[in-house]
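Here is the structure we will look at, set down as structure tokens.
The values are calculated or read from the model by the stated rules, or taken from the named source; none is laboratory data. Here the structure is a predicted model, which means the values were calculated and not measured. Ideal geometry is used to build each Cβ from the backbone, glycine not excepted, and the neighbour counts take in all protein chains shown. These accessible areas exclude ligands, DNA and RNA; they are computed on the full protein's heavy atoms, side chains included. Shrake-Rupley method; radii C 1.70, N 1.55, O 1.52, S 1.80 Å.
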Amino acid sequence: MNDAPLAIDVKGLAKSFGTKKVVDDFAIQVPKGMIFGFLGPNGSGKTTTIRMLCGLLTPDAGEGQCLGYDIRTQAQQIKRHVGYMTQRFGLYEDMTVRENLEFIGRMYDVTPLKPRVQDVMDRFGLAERADQMAGTLSGGWKQRLALVACVLHEPQLLLLDEPTAGVDPNSRREFWEMIHDLSAQGVTILVSTHYMDEAERCHRIAYIAWGHLLLEGTIDEVVGQSGLVTWSVSGPDLPALQTKLRKETGVQMAAAFGNELHVTGSDKQALEQAITPHRNDQRYRWRPAEPSLEDVFIYTLATLKDRK
Amino acid sequence: MKANWDFSRARFKAILMKEFIQMLRDKLTFAMMVGIPIMQLIMFGYAINSDPHALPTAVIVGDTGTFGRSIVTAMENCAYFRVVAWPDGPDQAEEMIARGEVLFVVDIPPDFSRRLLRGENPAILVEADATDPVATGNALSAMAQLNLTALQHDLIGPLQSLNAKEPPFEVRVHRRYNPEGKTDYNIVPGLMGTILTMTLTMMTAAAITREFERGTMENLLATPALPLEVMTGKIIPFVFVGFVQVGVILFTAAVLFQVPVVGSLALLALSVLIFIAANLALGFTFSTLASNQMQAMQMSFLFFLPSMLLSGFLFPFRGMPEWAQTLGQLLPLTHFVRIVRGILLKGNGWAEVWPQLWPILLFLGAMTGIALRRFRQTLD
Ligand SMILES: Nc1ncnc2c1ncn2[C@@H]1O[C@H](COP(=O)(O)OP(=O)(O)OP(=O)(O)O)[C@@H](O)[C@H]1O
Ligand SMILES: [Mg+2]
């Protein structure tokens, strides 16, 4: 994969607001045509990083290119070939769906404008709402409109900042189908999200906290690198068991997943030692499990916090 | 600000159209744009009532002859004066005018008839309470004409020669309290300038800060739009608004006050255009300094107040202390009021207008420079 041409290649990116360092020494490489998931807790610097990638914020330090254009000096060219969907709805609520799309189309010199707008509205199911004011759309439809607006000019790179926040599961699935369609057409997509199931739909992910890149790779790589071991247990009165297990030294995390409890530790032996007394308890059924992505993130965050 | 060279007409037009769509949809703002000028003019119109009649008048009759009586009759006939008192002498009259019981005191001296007949061209003295020149102005001009007609019916036969060439007597007007006697026409140019300053500065400032507040600016900046395109696209709809306002003001003023337009309308339009542009550039600059609509409004207001007070619109410019005059010279409104007054009332041409126009142009240039420099293409 290292040979594939890169859509995004940045290193050493840093950004502070006042005295607060929001992004620090950040580096990623995103090969062309990939769906790249961008995860991290609230306030970790995802939006800030994305803004630096498309020239909306000037990095304090660092360098790199986006689609072969320098992020410091060629913001204008980057803007032309990138579609950026902002986290907050950024279209005009007092204009109709069609007016908004035509406006955006004109800003990117899309030709022929009107047929192209009609075409995307038909394709993405917005045609019926063409003359509705954007402000009166429901949250999910606003997100869809925003996505359509940023693919109108057929960008080579899409930067989607939490595109499915507040969208129902059905629409979310449709959204991801659109994203995969675009990816199949060769568009590179960087998408930030808080949903684990969405992370699993990405080819690669990056996990960032306090402005630092903590994990990067495919899902399997990320889970593998963490070195975590997980056991799953089911049986009666799991909350009591959870409380007990959490006190054991070998257990880093014990979290409920439906009718099961996931018990996770970083040291295989210590974990097994800790759960042995409970494994002998006939009421419980134990089985080895894969640590989930969520386990990995929470564990990474917790250990980092301890070190701080 | 680099790459302004590839200014795109298509993008500029896109922003322009979007602004027009939004402006026409914002019913309240649109109503305000047209409503404010009409409302202000009507309020000023009633407050001014530039032509009040039947003003209370005191007459000191020293001369009981026919001529004295004829003059009083003529005064009452012209409908501006209503004689309410016949004081015995100047002292009593003085008290009445000071207390505001009468606005005029007409003094017909004792030897008036005699001197008139001798052809000595005697004078009657008119004292006017000119604290409110608007109220007394027209009445005084009517009074000044009185000497031509008042005695027409008396000076016949052998006396006709007295009426032949010169008016037979003189009306000596003495304006009390406000010797300048500024007239009401001042109001319209001043009002035009203040309305444009207030509404346009505020609206442009708000139009841009609104994009930040509503979160649409991030999206707009993510497109390849250039600062100059955004600025011109956002400003030009308000030029249109400004001209609509000027039209409304001129029309209403013509209907309400019969304010004349003596000078060239084209020159007026050019001056208005430059003045509007200066205010819009200022509004744009405010918007780059303010972080929300409220702040933008406050800045506009902070600018608007001295503009109104120091421009010579409300208080005579010459009467202000030197520092205030200097400050006033920096404000576009000061020059604009002079230009409009000159064109509307005196029929001034280019030669008289230019000395007032270039300071506005300078202001416009400076503001555009600051606005373009301050307007960021990033969110930093
Ligand atoms: N313009 C700004 N001025 C000052 N601080 C800012 C600014 N923009 C962001 N920050 C701060 O930077 C930090 C990172 O913000 P950012 O929006 O990048 O986080 P995020 O990862 O996108 O979070 P979320 O998941 O909640 O969207 C936050 O603490 C935020 O308060
Ligand atoms: Mg964010």
Query - Qualifying residue in the stretch A:115-131 (condition: open to solvent by 10 Å² or more (accessible area, probe 1.4 Å) and facing chain B (nearest Cβ under 9 Å)) - result: no
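Tally time: how many residues in the stretch B:195-222 are acidic (Asp, Glu), touching a residue at least 12 places away in the same chain (Cβ under 8 Å) and either open to solvent by less than 10 Å² (accessible area, probe 1.4 Å) or not assigned by TED's automatic domain parsing to the domain that holds B:Gly242 (or both)? Don't jump to the end; show me each part of the working.
We begin by selecting, within the stretch B:195-222, every residue acidic (Asp, Glu); these are B:211, B:213, B:218.
Next cut, touching a residue at least 12 places away in the same chain (Cβ under 8 Å) only: B:213, B:218.
Adding the requirement that they be either open to solvent by less than 10 Å² (accessible area, probe 1.4 Å) or not assigned by TED's automatic domain parsing to the domain that holds B:Gly242 (or both) leaves none.
Result for the stretch B:195-222: 0.
Look through A:Arg98, A:Arg72 and report the one residue that is surrounded by fewer than 22 Cβ atoms within 10 Å (Cβ to Cβ), away from ligand 2 (no atom under 16 Å from the Cβ) and at pLDDT 95 or above.
Details: A:Arg72 fails: at pLDDT 95 or above.
The match here is A:Arg98.
Is at least one residue of the stretch A:129-143 polar (S, T, N, Q), in contact with a His (Cβ under 9 Å, 6 or more places away or on another chain), away from ligand 2 (no atom under 16 Å from the Cβ) and closer than 26 Å to A:Glu198 by Cα?
Our first condition is that a residue be polar (S, T, N, Q); within the stretch A:129-143, this holds for A:132, A:136, A:138, A:143.
Narrowing the set further to residues that are in contact with a His (Cβ under 9 Å, 6 or more places away or on another chain) leaves none.
Within the stretch A:129-143, none of the residues are polar (S, T, N, Q), in contact with a His (Cβ under 9 Å, 6 or more places away or on another chain), away from ligand 2 (no atom under 16 Å from the Cβ) and closer than 26 Å to A:Glu198 by Cα.
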Requested in this report: Would you be able to say whether some residue in the stretch A:188-196 is away from ligand 1 (no atom under 16 Å from the Cβ) and either within 14 Å of chain B (Cβ to nearest Cβ) or under 20 Å from A:Leu145 (Cα atoms) (or both)?
Outcome: yes
Report task. Count, please, the residues in the stretch B:333-380 that happen to be within 14 Å of chain A (Cβ to nearest Cβ) and of a type in the set (S, T, N, Q). Result -> 2
Query - Residue within the stretch A:6-21 that is more than 16 Å from ligand 2 (Cβ to nearest atom), within 20 Å of B:Pro224 (Cα to Cα), open to solvent by less than 10 Å² (accessible area, probe 1.4 Å) and in contact (Cβ under 8 Å) with a residue 24 or more places away in the chain present - result: yes
Report summary line: Taking the stretch B:39-53 and keeping only residues that are open to solvent by 60 Å² or more (accessible area, probe 1.4 Å) and modelled with pLDDT of 65 or more, one is left with B:Met39, B:Ile42, B:Met43, B:His53
Query raised in the report: Residues of the stretch A:161-191 being over 22 Å from A:Ala4 (Cβ atoms) and part of a helix (DSSP H, G or I), which ones?
Result: A:Pro169, A:Asn170, A:Ser171, A:Arg172, A:Arg173, A:Glu174, A:Phe175, A:Trp176, A:Glu177, A:Met178
Query raised in the report: Residues in the stretch A:170-182: is at least one among the acidic types (Asp, Glu) and under 15 Å from the mean Cα position of the chain (by Cα)?
Result: no
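State the number of residues belonging to the stretch A:192-239 that are part of a helix (DSSP H, G or I) and open to solvent by less than 40 Å² (accessible area, probe 1.4 Å). Full working, then the answer.
Initial filter on the stretch A:192-239 (part of a helix (DSSP H, G or I)): A:196-199, A:219-226, A:238-239.
Retained after the next criterion (residues that are open to solvent by less than 40 Å² (accessible area, probe 1.4 Å)): A:198-199, A:219, A:222-223, A:226, A:238.
The qualifying residues number 7.
Are any residues in the stretch A:217-260 basic (Lys, Arg) and within 17 Å of A:Trp286 (Cα to Cα), and if so, which ones? If you could, list the steps in order and put the result at the bottom.
Initial filter on the stretch A:217-260 (basic (Lys, Arg)): A:244, A:246-247.
Within the stretch A:217-260, A:Lys244, A:Arg246 meet the criteria.
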Query raised in the report: Is there any pair with a first residue in the stretch A:38-50 that is open to solvent by less than 30 Å² (accessible area, probe 1.4 Å) and a second that is among the β-branched types (Val, Ile, Thr) and near ligand 1 (Cβ under 6 Å from one of its atoms) whose Cβ atoms are under 8 Å apart and which are 6 or more apart or on different chains, and what are they?
Result: A:Gly45/A:Val22; A:Thr48/A:Val22
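Could you go through the stretch A:56-63 and let me know if any residue there is facing chain B (nearest Cβ under 9 Å) and in contact with a Leu (Cβ under 8 Å, 6 or more places away or on another chain). So that I can check it myself, show each step before the final result.
Within the stretch A:56-63, the first condition is being facing chain B (nearest Cβ under 9 Å), and the residues that meet it are A:56-58.
After this cut, where a residue has to be in contact with a Leu (Cβ under 8 Å, 6 or more places away or on another chain) as well, the list is A:56-57.
Scanning the stretch A:56-63 turns up at least one residue that is facing chain B (nearest Cβ under 9 Å) and in contact with a Leu (Cβ under 8 Å, 6 or more places away or on another chain).
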**Report entry** Filtered residues of the stretch B:253-270 (kept if farther than 21 Å from B:Trp354 by Cα and open to solvent by less than 20 Å² (accessible area, probe 1.4 Å))
**Finding:** B:Ala253, B:Phe257, B:Val259
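Which count do you get for residues in the stretch A:240-288 that are assigned to a helix (DSSP H, G or I) and open to solvent by 70 Å² or more (accessible area, probe 1.4 Å)? Spell out the reasoning first.
Taking the stretch A:240-288 first, the residues assigned to a helix (DSSP H, G or I) are A:240-247, A:268-279.
Next, only the ones that are open to solvent by 70 Å² or more (accessible area, probe 1.4 Å) stay: A:243-244, A:246-247, A:268-269, A:273, A:277, A:279.
Counting residues in the stretch A:240-288 that are assigned to a helix (DSSP H, G or I) and open to solvent by 70 Å² or more (accessible area, probe 1.4 Å) gives 9.
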Query raised in the report: Of all residues in the stretch A:258-290, which are closer than 17 Å to A:Gly227 by Cα and touching a helix residue (DSSP H, G or I) at 6+ places or on another chain (Cβ under 6 Å)?
Result: A:Val263, A:Thr264, A:Gly265
Requested in this report: Being more than 11 Å from every other protein chain (Cβ to nearest Cβ), more than 16 Å from ligand 1 (Cβ to nearest atom) and open to solvent by 10 Å² or more (accessible area, probe 1.4 Å) is the filter; apply it to the stretch A:152-163 and report the residue that is farthest from A:Met34 (Cα to Cα).
Outcome: A:Glu154
Query raised in the report: Looking at (1) out of contact with any Gly (no Cβ under 9 Å at 6 or more places or on another chain); (2) closer than 17 Å to A:Val223 by Cα, which is the only condition A:Asp267 fails?
Result: (1)
Report task. Go through the stretch B:212-326 and tell me which helices (runs of 4 or more DSSP H), entirely inside it, have 3 or more residues that are of a type in the set (A, V, I, L, M, F, W, C) and within 14 Å of chain A (Cβ to nearest Cβ). Result -> B:216-222
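So, in the stretch A:77-103, how many residues would count as being among the β-branched types (Val, Ile, Thr) and within 7 Å of chain B (Cβ to nearest Cβ)? Let's see the steps before the verdict.
Step one: filter the stretch A:77-103 for residues among the β-branched types (Val, Ile, Thr), giving A:78, A:82, A:86, A:96-97.
Filter once more, so that each one left must be within 7 Å of chain B (Cβ to nearest Cβ): A:86.
Residues that pass the stated criteria total 1.
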